[in-house]
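Trainee: Input: one structure, supplied below.
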Amino acid sequence: MSWRRGRIAALCLTTLLTTARAGPQPLWEFGMGVGGVVFDDYRGSSTAHGYPVPVPYFIYRGDILQADRNGVHGRFLTLLHLEFDVSANATAPVFSRHNAARAGMPNLAPTIELGPSLTWHAWRSADQRLRFDVHAPIRNAITVDTPVRSIGWLFSPTANLDYTASGRLSGWNFGLQSGPLYQQEQYDNYFYGVAPQYQTAIRPAYRPPGGYAGTQLLVAASKRYRDYWVGAYLRHDWLSGAVFDPSPLVQTHGYWAGGVGFVWIIRSSATMVASDE
């Protein structure tokens, strides 16, 4: 496992496991822990890998800059029901020697995705325990390689339902997120294109058109205790109908990813702020 793959996997595990918590929270808190992640090499790959990973945990709830379950982002406009910010995401590298469908093809470098996001806070229950939001992020993906280059834009609107439990499950937080994905031709070609020089008898040349890229569903659960935190998540993508389905690199119509983590909270701010994260 390369250090780049481990770092990105740990980042994804940390941000995805942190489900919403309503009420006053520390301005910042950080910790360190361990976890495990399992995911397919890329969406449509039949090759999956599992890794133990260190889990850095950092939450910052500033008025403008925030680091939370949606990654690191800046909040530039907050109205009663609308919020505009800048968000980020990442993908792990893919090594062709470990993936039969890509044998003889170049490795895929990890990517970082950056772009604006609009959030609609559609509904809150009277006690704020149940929350429904709609996120509409648009991101540009760039490779973490030399030279750095853009590989196109992604649009992934999602409906998000978060619940903070009471009673016997008090303290547990549950999240459900789902929505379609759309990707530019250039982005799809990076993952699913086969240039003529890499075609074989069983792997014809192919260039995807860009467009609908499947639908994702993610569920997560976590609980914060006084000095530690535990959580888990599971994601599944349905790829049937995706524009890149004819690619010889697509070997399955589903994508799975999941992880668990345990974090020891090392320190947190004495300053409390209002937050629904």
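The values are calculated or read from the model by the stated rules, or taken from the named source; none is laboratory data. For clarity, every value in this text was computed on a predicted model and none was experimentally measured. Cβ coordinates were reconstructed from backbone atoms using ideal geometry, including for glycine residues, and neighbour counts include every protein chain displayed.
Trainee: Take the residues in segment 65-115 that are in contact with a strand residue (DSSP E or B) (Cβ under 9 Å, 6 or more places away or on another chain) and basic (Lys, Arg); name whichever of them is modelled with the highest pLDDT.
Mentor: Per the stated criteria, the residue is Arg102.
Trainee: To continue, here is another question. Report the residue count in segment 122-173 for those that are of a type outside the set (Lys, Arg) and closer than 30 Å to Gly193 by Cβ.
Mentor: Number satisfying all stated conditions: 22.
Trainee: Do you know which of the residues in segment 173-188 that are small (Gly, Ala, Ser) and without any contact (Cβ under 8 Å) to a residue 60 or more places away in the chain is nearest to Leu130 (Cα to Cα)? Let's see the steps before the verdict.
Mentor: First, the residues of segment 173-188 that are small (Gly, Ala, Ser): 175, 178-179.
Restricting the remaining residues to those that are without any contact (Cβ under 8 Å) to a residue 60 or more places away in the chain gives 178-179.
Values: Ser178: 16, Gly179: 19 Å.
My answer is Ser178.
Trainee: So, in segment 160-196, how many residues would count as being under 17 Å from Tyr212 (Cα atoms) and either more than 16 Å from the chain's Cα centre (by Cα) or loosely packed, with under 14 Cβ neighbours inside 10 Å (or both)?
Mentor: Adding up the residues that qualify gives 10.
Trainee: Filter segment 96-137 down to residues that are of a type in the set (A, V, I, L, M, F, W, C) and touching a residue at least 40 places away in the same chain (Cβ under 8 Å), then give me how many there are.
Mentor: Going through segment 96-137 one residue at a time, the tally reaches 5.
Trainee: Select from segment 199-242 the residues that are of a type in the set (A, V, I, L, M), without any contact (Cβ under 8 Å) to a residue 24 or more places away in the chain and either in contact with a Gly (Cβ under 9 Å, 6 or more places away or on another chain) or buried (at least 20 other Cβ atoms within 10 Å of the Cβ) (or both) and list them in ascending order. Explain how you work it out, then say what you get.
Mentor: Of segment 199-242, the ones of a type in the set (A, V, I, L, M) are 201-202, 205, 213, 217-221, 230, 232, 234, 239, 242.
If we keep only those that are without any contact (Cβ under 8 Å) to a residue 24 or more places away in the chain too, we end up with 201, 205.
Matches in segment 199-242: Ala205 only.
Trainee: Next question, about the same structure. Can you name every residue in segment 99-140 that is farther than 29 Å from Tyr190 by Cα, touching a Ser or Thr at 6+ places or on another chain (Cβ under 7 Å) and crowded, with 19+ Cβ neighbours inside 10 Å?
Mentor: Listed by number, the list holds a single entry, Asp133.
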